[in-house]
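Report on the following structure.
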Amino acid sequence: MKVAHSALHARHDGGKELHRGELVPCFEMPVRADYILKAVERAGFNVSEPRPFALESLLRVHDAHFVEFLRTAHEEWRAAGKEGFMLPSGFPARSLRRDHIPSGINGKMGYYAFDASTPIVEGTWEAAFAAAQCALTAAAWVAEGDKSAYALCRPPGHHAGYALYGGYCFLNNAALAAQYLRDHGFARVAVLDVDYHHGNGTQDIFWERSDVLFVSIHGSPETEYPYFLGYADERGEGAGEGYTRNFPLPRGTTWKEYGPTLSAAMDVIGGFSPDALVVSLGVDTYEGDPISSFKLATSHYPLIGQRLAELKLPTVFVQEGGYAVDDIGTNVAGVLEGFLSRR
Ligand code: OKP
Ligand code: ZN
């Protein structure tokens with residue numbers, strides 16, 4: 001399995017996030033990708049730079065004004081006399097206007113963001129664009145005949161919507177991969193999101209579509225981030241009705257409940273008869289994760305990979321979350337090696 005990775009991920013660094021009432025160093029830190037890279041190299045995977053996809057490739061799943069905002073946000077921040085990381089503090093919530101995008105950088109940032117845990121720093125755009133290119137490259141390898149590929153994306157992407165960023169995510173890497181497959185001969189694509197957090201951005205992007213099935217297993221939004229999406233009754237709308245399926249699980253979920261839920265999610269995918277699969281691969285379901293509360297052990301990740309292989313589909317793995325950095329590499333490589341039946 002080939003791996004797409006860019007050292008530019010490290011340009012997204014130095015920000016702080018609002019966490020339980022305090023500004024703290026980001027859980028989503030560069031060393032995450034460094035440790036994953038070491039683990040996949042140790043496992044013998046072939047690592048390449050992403051192809052130089054153009055900015056226009058992003059517009060298949062994102063709004064042009066939003067992409068332009070991300071590209072120039074920190075420049076505008078500096079032009080306004082500020083420095084360092086930028087975080088929004090006001091949002092167009094219920095009863096405020098959403099039909100107007102403020103021209104000032106603070107209002108614009110609040111308009112496009114949905115939380116205060118996703119700082120933009122000077123290098124954020126470069127890193128996010130490189131991550132998107134990794135996802136597109138992995139999708140291209142699969143479209144060109146590889147059975148599977150892994151995009152080592154950082155920052156992650158599944159919380160980023162059509163014109164929305166947050167949850168450490170800016171561009172939706174998994175949605176870009178799924179759309180790339182749609183555009184290159186795969187008529188039906190399933191996205192399975194196994195990150196601990198609901199992939200609200202991916203759901204948003206494919207909400208009204210029947211050609212891309214979105215299935216997510218995650219901590220219940222009743223108590224877990226992103227709180228406002230990811231409930232079981234969200235099933236898509238219009239042509240997309242029935243093509244979004246959510247499997248929220250309670251805090252403390254162990255393999256005993258997770259395994260059967262994974263089987264149920266896979267049954268939904270099988271019923272869709274997809275031509276390809278994109279896996280939003282978060283390993284923050286791990287018992288040692290500092291911001292999550294499932295109880296999966298390192299030994300369970302190869303089992304997830306083995307199960308996914310049973311779908312017998314061309315598969316693009318896209319890295320999402322996982323914040324127990326000491327074990328992140330082992331857990332990610334475990335899924336990939338399990339998929340290849342090496343474990
Ligand atoms: C991103 B991904 C801590 C509370 C939660 C955002 C979590 C984003 C998770 N400040 N903050 O899905 O792993
Ligand atoms: Zn997550």
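Before moving on, here are some points about what is shown:
- Of residues in region 287-309 being touching a Lys or Arg at 6+ places or on another chain (Cβ under 6 Å) and in contact (Cβ under 8 Å) with a residue 24 or more places away in the chain, the one surrounded by the most Cβ atoms within 10 Å (Cβ to Cβ): 302
Yes or no, residue by residue, for (1) among the aliphatic types (A, V, I, L, M); (2) farther than 23 Å from residue 172 by Cβ; (3) outside any helix (DSSP H, G or I); (4) out of contact with any helix residue (DSSP H, G or I) (no Cβ under 6 Å at 6 or more places or on another chain):
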| site | (1), (2), (3), (4) |
| --- | --- |
| 37 | yes, no, no, yes |
| 52 | no, no, yes, yes |
| 62 | no, no, yes, yes |
| 68 | no, no, no, yes |
| 71 | no, no, no, no |
| 75 | no, no, no, yes |
| 83 | no, yes, yes, yes |
| 94 | no, yes, yes, yes |
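- Looking only at region 105-124, residues that are assigned to a helix (DSSP H, G or I), over 16 Å from the mean Cα position of the chain (by Cα) and touching a residue at least 24 places away in the same chain (Cβ under 8 Å) come to 4 in all.
- Residue check, residue 156 more than 15 Å from residue 279 (Cβ to Cβ), part of a loop (DSSP other than H, G, I, E, B) and at pLDDT 95 or above: no
- Taking region 223-277 as the range and being out of contact with any Phe, Trp or Tyr (no Cβ under 9 Å at 6 or more places or on another chain), under 25 Å from residue 142 (Cβ atoms) and acidic (Asp, Glu) as the test, only 267 passes.
- Among residues that are at pLDDT 95 or above and open to solvent by 10 Å² or more (accessible area, probe 1.4 Å), residue 238 is included.
- Filtered residue count, region 248-288, keeping only those that are more than 16 Å from ligand 1 (Cβ to nearest atom) and either within 19 Å of the chain's Cα centre (by Cα) or in a helix (DSSP H, G or I) (or both): 20
- Restricting attention to region 86-103, the residues being open to solvent by less than 60 Å² (accessible area, probe 1.4 Å) and either in contact (Cβ under 8 Å) with a residue 12 or more places away in the chain or of a type in the set (Phe, Trp, Tyr) (or both) number 5.
- Filter pass, residue 245 being modelled with pLDDT of 95 or more, part of a helix (DSSP H, G or I) and open to solvent by 30 Å² or more (accessible area, probe 1.4 Å): no
The values are calculated or read from the model by the stated rules, or taken from the named source; none is laboratory data. These figures come from a predicted structure and were not determined experimentally. Note that we place each Cβ from the backbone using ideal geometry, even for glycine, and neighbour counts take in every protein chain shown. Please note that ligands, DNA and RNA were not included when accessible areas were found on the heavy atoms of the full protein model with its side chains. Shrake-Rupley method; radii C 1.70, N 1.55, O 1.52, S 1.80 Å.
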